[in-house]
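Colleague: Sharing a structure here in structure tokens format.
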């Protein structure tokens, strides 16, 4: 559920007409709904009120300071994967003591900074990483809180590039190795065994893989609690969102609902997992990213040209794969709708960007409304892994980002001046 909808002929974000934002800020343009962010956070948080828990938003999904600040105000913790993300959380008013630090390649500098800022826990991915943390903690005269990320070898049945819970992936420590790793780590002087963590993948639309993984890991979590007095069990994130019919009301006349494979609700997720989690007696951490931010954002773009070949129609827009790489990277689906509805009939077309790559597309052979140069489109569900994965490829500046809250809106990132792209470059004096 989100707050993007048609009112009359215009597409709105909360109470703001998106066409008006385009007139003021141009395109490409990201727009976020603050109320959607809050709604999704509260839906998940409320679903788990029956047990002791903490929602830790995965900053990598969308690290804009305004997004972090919004969630921090409602009590969110944060799942971070770099020193930079931790610095963002602190700058945005988040609590570093509610941060869990994930990732397979934490550097000495990152570990030091995290310990100096009293993070809640490291989610560690290997024994060499534990050794490094122990060494740094000893130098700082502190005990480092750690939770070993267990790889449960459970197939999430999601895209190969976003599955993380099998032995073919680089993440975590094998399920069978967990007892010996904890026994070894318990003898390290500067390590505090604080919890256990798992995360099997992203964009899961069925509860079954979650249930299978939690059932598999819960008994060992209980064993670790009894042996080492661990405090928490993190079940990671991964709850999927609706991409293939993102508009919930006011559908355009040309719209036809694509096949929907179903979506996992917070109610079902909690109903199936809480009975298992209760048995552990541990605090439960949840680390969602896409679920909170994904449907809270859209990318607005202008139609520049309509190109027809002997076999295909191309709608060429001013946004490109540097602004939203997900379709090129994952061949992902995003609904694309006009900012202003019309009675013009449908057309089958590819929506493509101006970059000199065949992979620079947002959809292929999609039935869309007939548009003309100068019209505007909204690429839906781009609040997660959209702007945050952007680049300056083809020397294209980052687009601005706007956050809407009811009838108010504000710039949360300015459009990057093109000359700033090469600001830190220089030509050596070879003479």
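Colleague: May I ask you to say which residue of 298, 317, 303 is surrounded by fewer than 24 Cβ atoms within 10 Å (Cβ to Cβ), touching a residue at least 24 places away in the same chain (Cβ under 8 Å) and in contact with a strand residue (DSSP E or B) (Cβ under 8 Å, 6 or more places away or on another chain)? Outline the logic, then answer.
Modeller: Numbers: 298 fails: surrounded by fewer than 24 Cβ atoms within 10 Å (Cβ to Cβ); 317 fails: surrounded by fewer than 24 Cβ atoms within 10 Å (Cβ to Cβ).
Exactly one residue qualifies, and that residue is 303.
Colleague: Go through (1) out of contact with any helix residue (DSSP H, G or I) (no Cβ under 6 Å at 6 or more places or on another chain); (2) more than 20 Å from residue 142 (Cβ to Cβ); (3) part of a loop (DSSP other than H, G, I, E, B) and name the single condition residue 106 misses.
Modeller: (2)
Colleague: Here's something else I'd like to know. Out of everything in the range 90-103 that is assigned to a helix (DSSP H, G or I) and in contact with a helix residue (DSSP H, G or I) (Cβ under 7 Å, 6 or more places away or on another chain), what residue ends up being surrounded by the fewest Cβ atoms within 10 Å (Cβ to Cβ)?
Modeller: In this case the residue turns out to be 91.
Colleague: Looking only at strands (runs of 3 or more DSSP E) that fall completely inside the range 239-351, which ones have 1 or more residues that are at pLDDT 95 or above and under 25 Å from residue 405 (Cα atoms)?
Modeller: Counting at least 1 such residues, we get 297-308, 336-338.
Colleague: If I ask for residues that are surrounded by fewer than 20 Cβ atoms within 10 Å (Cβ to Cβ), in contact with a helix residue (DSSP H, G or I) (Cβ under 9 Å, 6 or more places away or on another chain) and within 12 Å of residue 193 (Cβ to Cβ), which ones from the range 209-228 would you list?
Modeller: Within the range 209-228, 227, 228 qualify.
Colleague: Considering only the range 110-125, how many residues are exposed (fewer than 15 other Cβ atoms within 10 Å of the Cβ) and closer than 26 Å to residue 237 by Cβ?
Modeller: So in the range 110-125, the residues exposed (fewer than 15 other Cβ atoms within 10 Å of the Cβ) come out as 116, 118.
Going one step further and asking which of them are closer than 26 Å to residue 237 by Cβ, we end up with 118.
Residues in the range 110-125 being exposed (fewer than 15 other Cβ atoms within 10 Å of the Cβ) and closer than 26 Å to residue 237 by Cβ: 1 in total.
Colleague: Inspect the range 80-89 for any residue being surrounded by 15 or more Cβ atoms within 10 Å (Cβ to Cβ) and more than 16 Å from the chain's Cα centre (by Cα) and give the result as yes or no.
Modeller: Within the range 80-89 (the criterion being surrounded by 15 or more Cβ atoms within 10 Å (Cβ to Cβ) and more than 16 Å from the chain's Cα centre (by Cα)), the answer is yes, since at least one residue qualifies.
Colleague: Taking into account only those residues within the range 186-207 that are under 21 Å from the mean Cα position of the chain (by Cα) and not in a strand (DSSP E or B), which is surrounded by the most Cβ atoms within 10 Å (Cβ to Cβ)? Even if it seems obvious, please write down each step before you answer.
Modeller: Filtering the range 186-207 for residues under 21 Å from the mean Cα position of the chain (by Cα) gives 197-207.
Of the ones still in play, those that are also not in a strand (DSSP E or B) are 198-200, 202-203, 205-207.
Values: 198: 27, 199: 25, 200: 30, 202: 25, 203: 22, 205: 18, 206: 16, 207: 18.
Ranking the qualifying residues of the range 186-207, first place goes to 200.
Colleague: How many residues does the range 21-45 hold that are out of contact with any helix residue (DSSP H, G or I) (no Cβ under 8 Å at 6 or more places or on another chain) and at negative phi?
Modeller: Qualifying residue count for the region: 11.
Colleague: Taking the range 126-148 as the search range and keeping residues that are surrounded by 22 or more Cβ atoms within 10 Å (Cβ to Cβ) and not in a strand (DSSP E or B), which one is farthest from the chain's Cα centre (by Cα)?
Modeller: So, considering only residues that are surrounded by 22 or more Cβ atoms within 10 Å (Cβ to Cβ) and not in a strand (DSSP E or B), the one farthest from the chain's Cα centre (by Cα) is 137.
Colleague: For the range 90-141, which residues satisfy the criterion of being modelled with pLDDT under 95 and on the phi > 0 side of the Ramachandran plot?
Modeller: Selection gives 103 alone.
Colleague: Of these, 418, 411, 404, 367, which one is touching a strand residue (DSSP E or B) at 6+ places or on another chain (Cβ under 9 Å), more than 21 Å from residue 31 (Cβ to Cβ) and either modelled with pLDDT under 95 or outside the structural domain of residue 88 (by TED's automatic domain parsing) (or both)?
Modeller: On inspection, the qualifying residue turns out to be 367.
The values are calculated or read from the model by the stated rules, or taken from the named source; none is laboratory data. Predicted model only: the values in this text are computed from it and were never measured. As a convention, Cβ positions derive from the backbone with ideal geometry for all residues, glycine included, and neighbour counts pool all protein chains shown.
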